[in-house]
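All remarks here apply to the structure that follows.
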Amino acid sequence: MKFAIIKERKNPPDRRVVFPPQLLEDASAKFPQAQFIVEPSNVRIFSDDAYRAAGFEVTSHIADADVMIGVKEVPINALIDSKKYFFFSHTIKKQPYNRGLLQAILDKNIELYDHEVITNENGGRLIGFGRYAGLVGTYNGIRAWGLKYDTWSLPKADDLPDLKGMLGELNNVELPPIKICLTGSGKVAGGSREILEHMNIRRVGADAFINKDFSEPVYCNIDVLDYNKRIDGKPGDLKEFFTDPSSYKTDFYRFARVTDFFIAGHFYGDGAPYLFTREDAKKDDFNIKLVADISCDIDGPVASTIRPSTIEDPLYGYDPLNEREVAYDDPNAITVMAVDNLPCELPKDASEGFGKMFLAHVLPAFFNKDKNGILARARMTHNGKLTPRYAYLQDFIDGLK
């Protein structure tokens, strides 16, 4: 079986790749029956010469490969008929901007395997860039605090060589005695905690965070039942919340009253209560001064996130009284960092981490008859149709007609 590591063609350019040269060597050694070729790229963080030096053919002629492996969406005009493709399609939530892409995939008889739905038997994701989003998003938030208050000046993560360089820059920062609230319990929040713990910021429980004053910076990591509660006052249940959150309301404001720096590292499900609203942000005792919104749900659960920001221009301000965008350092502003492609700022580390997961969980499925069902669960299209698992997207596709 022949695999092609394809060129990333989406704009803005993405320098990540699923398999760095060293990991591709590891894959070849582990699966000698597999053949790997690499499509040339002048964007990729690892050069074409690095792949050649590792013994791989770098060629524009990839049409004879069986499986195409990329990161971001492939432009419609670059899709090759009747191939297997791996990439983030951003279609499983019926994202309207990729409706045409999914229709083209069906028309071209392509088997699409979406990285986002590569899961284990229990539905847990096996691969992703979440950790790196948490690492970079938290670094960006700390950088934003320094810019907002003119206390330190960190370089952009995108201008640093790797994670080691980023952590080195943080060694020069001493935070004031602020309270940092982090939401989430997954890989994103885990990446955030890595940054906070590298800076020796003490973690405290929710009660202490809300009720005590500290002479040092502290952080509190809260999960859904910390910032949501049942409307009827009964104890909350995690499974119930994720199944049907309609009987819950937000309890986040008790944190918003004391939080200086909010890191949104949670997953927000449709129908769940908003964390804070525009009306909440207008209240006199609303205390949040800066939001690093890694989750980046626009005009939704975090009211100050009114648009995504970019790697080039990562910060903006939200004026809560007038409900409008202002400069990030405006005295009345909640400063917002809402970059929606954060792992792109650590392309080397993110690629290495992602490749290890892909090698461990996905590649074996091609050679063990998919004994764990990994490919079957991730296959969205087959023989020009949606697979049963993704049949719910049919009305989304039919909207084109």
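The values are calculated or read from the model by the stated rules, or taken from the named source; none is laboratory data. If you're wondering where the values come from, they're calculated on a predicted model, not measured in any experiment. Cβ: placed from backbone, ideal geometry, glycine included. Neighbour counts: every protein chain shown.
Key figures
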{"read-out": "Qualifying positions in the range 91-110 - assigned to a helix (DSSP H, G or I) and in contact (Cβ under 8 Å) with a residue 24 or more places away in the chain", "value": "Asn98, Arg99, Gly100, Leu101, Leu102, Gln103, Ala104, Ile105, Leu106, Asp107"}
{"read-out": "Scope the range 111-153; condition in a helix (DSSP H, G or I) and among the polar types (S, T, N, Q); matching residues", "value": "Thr138, Asn140"}
{"read-out": "Condition check for Pro155: loosely packed, with under 14 Cβ neighbours inside 10 Å, assigned by TED's automatic domain parsing to the domain that holds Gly184 and within 21 Å of Asp340 (Cα to Cα)", "value": "yes"}
{"read-out": "Residue within the range 337-354 that is more than 24 Å from Gly186 (Cα to Cα) and small (Gly, Ala, Ser) present", "value": "no"}
{"read-out": "Conditions (1) farther than 30 Å from Ile231 by Cα; (2) in contact with a helix residue (DSSP H, G or I) (Cβ under 7 Å, 6 or more places away or on another chain): number failed by Thr310", "value": "(2)"}
{"read-out": "Test for Asp370: is it modelled with pLDDT of 95 or more, among the charged types (D, E, K, R) and out of contact with any strand residue (DSSP E or B) (no Cβ under 8 Å at 6 or more places or on another chain)", "value": "yes"}
{"read-out": "Matching residues in the range 271-298 - criterion: being of a type in the set (S, T, N, Q) and in a strand (DSSP E or B)", "value": "none"}
{"read-out": "Matching residues in the range 367-400 - criterion: being among the small types (Gly, Ala, Ser) and over 30 Å from Pro32 (Cα atoms)", "value": "Gly384, Ala391, Gly399"}
{"read-out": "Among residues of the range 153-172, those that are closer than 19 Å to Val291 by Cβ and touching a Gly at 6+ places or on another chain (Cβ under 8 Å), counted", "value": "1"}
{"read-out": "Filter result for Lys283 (in the same structural domain as Leu163 (by TED's automatic domain parsing) and in contact with a helix residue (DSSP H, G or I) (Cβ under 9 Å, 6 or more places away or on another chain))", "value": "yes"}
{"read-out": "From the options Leu225, Leu238, residue that is in contact with a Leu (Cβ under 9 Å, 6 or more places away or on another chain), modelled with pLDDT under 95 and more than 24 Å from Tyr316 (Cβ to Cβ)", "value": "Leu238"}
{"read-out": "Set Glu121, Glu111: member being acidic (Asp, Glu) and in contact with a Lys or Arg (Cβ under 8 Å, 6 or more places away or on another chain)", "value": "Glu111"}
{"read-out": "Residue satisfying all of: in the range 12-49; of a type in the set (Val, Ile, Thr) and in a loop (DSSP other than H, G, I, E, B); farthest from Asn368 (Cα to Cα) among these", "value": "Val43"}
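Conditions tested, residue by residue: (1) in contact (Cβ under 8 Å) with a residue 12 or more places away in the chain; (2) within 19 Å of Arg379 (Cβ to Cβ); (3) surrounded by 13 or more Cβ atoms within 10 Å (Cβ to Cβ).
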residue: Ile62; (1), (2), (3): yes, no, yes
residue: Ile69; (1), (2), (3): yes, yes, yes
residue: Pro75; (1), (2), (3): yes, no, no
residue: Leu79; (1), (2), (3): yes, yes, yes
residue: Ser89; (1), (2), (3): yes, yes, yes
